[in-house]
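Quick notes on the structure that follows.
The values are calculated or read from the model by the stated rules, or taken from the named source; none is laboratory data. As the structure is a computational prediction, the values presented were derived from the model and not from experiment. Cβ: placed from backbone, ideal geometry, glycine included. Neighbour counts: every protein chain shown. Just so you know, the surface numbers come from the protein's heavy atoms only, side chains and all, with ligands and any DNA or RNA stripped out. Shrake-Rupley method; radii C 1.70, N 1.55, O 1.52, S 1.80 Å.
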Amino acid sequence: MHVSNSYKNEQDEIYHKEILVIRKDFMIYTEDIINDVIQQHHCCTVWSVSLSSLAVRERRFFDKFAPSSKTALVLGHHVVTKAEWTWYAKEKDLEHCAADDHTMNVCQQLKHALEVYGFWTRIVPYPEESGLQFRFVAQAAGAGEI
């Protein structure tokens, strides 16, 4: 099932209410939910990885962080300008760049879209220290070497 985003707000709200009532009666593919978000951000790509396929260190992280989860999504943003890598102080003495902020925004959009359909999601803290080696999860997902 493909949901068009061309509805007016009033119709869209009614449609979403109907989906929430009947969503157990039909199947929607997670890939379709993700694609609806990612199609709005041509600079981003999403990969998925089975947590059981990760190295021991990364599996242990997810066992504590999201014990009931089976899959992780990896979001990649294609940086094309120097401005995206310009670092600035944001809050709590944390440094950010536009690429980080954009990627977190897209993560939040993905999280919301998946939760509308009943998927439980969490976003791994970044740039805070999480103890996770992001590059190993990205490589296992097929995103290439970082």
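When CYS107, CYS43 are checked against the criterion of being at pLDDT 90 or above and open to solvent by 40 Å² or more (accessible area, probe 1.4 Å), CYS43 stands alone in meeting it.
Consider the stretch 85-102 and keep the residues that are open to solvent by less than 30 Å² (accessible area, probe 1.4 Å) and in a helix (DSSP H, G or I). The one that is farthest from PHE134 (Cα to Cα) is ALA99. The selection criterion, being modelled with pLDDT of 90 or more, exposed (fewer than 12 other Cβ atoms within 10 Å of the Cβ) and touching a strand residue (DSSP E or B) at 6+ places or on another chain (Cβ under 7 Å), does not hold for LYS64.
Tell me, which residue of the stretch 48-61 that is open to solvent by 60 Å² or more (accessible area, probe 1.4 Å) and either among the β-branched types (Val, Ile, Thr) or in contact with a Leu (Cβ under 7 Å, 6 or more places away or on another chain) (or both) is nearest to ALA99 (Cα to Cα)? For the stretch 48-61, the residue satisfying everything is SER48. Specify the residue that is farthest from HIS42 (Cα to Cα); the eligible residues are those in the stretch 69-78 that are modelled with pLDDT of 90 or more and either open to solvent by less than 90 Å² (accessible area, probe 1.4 Å) or of a type in the set (S, T, N, Q) (or both). Per the stated criteria, the residue is SER69. Selection of first residues in the stretch 53-68 that are under 17 Å from PRO125 (Cβ atoms) and of second residues that are open to solvent by less than 70 Å² (accessible area, probe 1.4 Å), restricted to Cβ pairs under 6 Å at least 6 apart or on distinct chains, gives the following pairs, ordered by first then second residue: GLU58/VAL137; PHE61/GLY131; PHE61/LEU132; PHE62/LEU51.
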